[in-house]
Amino acid sequence: MRMANRRFTRLTNAFSKKFDNHVHMVAIYTVWYNSIKMHKTLKMTPAMAAGVSKTLWSMDDLCEKMDAVAPRPGKRGPYKKKA
């Protein structure tokens with residue numbers, strides 16, 4: 001995973017400064033690797049090989065699932081000017 005995801009090194013702009021952002025990116029990478037990426041040796045995704053999924057996901061499917069569980073933005077509060 002370290003070789004495929006540059007967020008684990010600080011030498012690039014993709015470095016995660018916040019731990020929450022890093023955790024979310026690792027989760028997205030894990031879903032992509034297991035459900036979207038077709039592996040040459042398996043001729044399918046690892047999720048399909050394990051029997052977790054019957055179909056190959058697309059990035060659109062992943063985005064729809066992420067949007068379904070994302071919290072909806074609430075009403076913004078009043079603007080407070082800094083003193």
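The values are calculated or read from the model by the stated rules, or taken from the named source; none is laboratory data. For clarity, every value in this text was computed on a predicted model and none was experimentally measured. Here the Cβ positions follow ideal geometry from the backbone for every residue, glycine too, while neighbour counts run over all protein chains shown.
The figures follow:
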| read-out | value |
| --- | --- |
| Test for Ser35: is it surrounded by 13 or more Cβ atoms within 10 Å (Cβ to Cβ), polar (S, T, N, Q) and in a helix (DSSP H, G or I) | yes |
| Residue that is nearest to His24 (Cα to Cα) [pool: residues in segment 41-83 that are surrounded by fewer than 10 Cβ atoms within 10 Å (Cβ to Cβ) and among the β-branched types (Val, Ile, Thr)] | Val69 |
| Residue within segment 48-65 that is under 12 Å from the mean Cα position of the chain (by Cα), modelled with pLDDT of 90 or more and of a type in the set (Val, Ile, Thr) present | no |
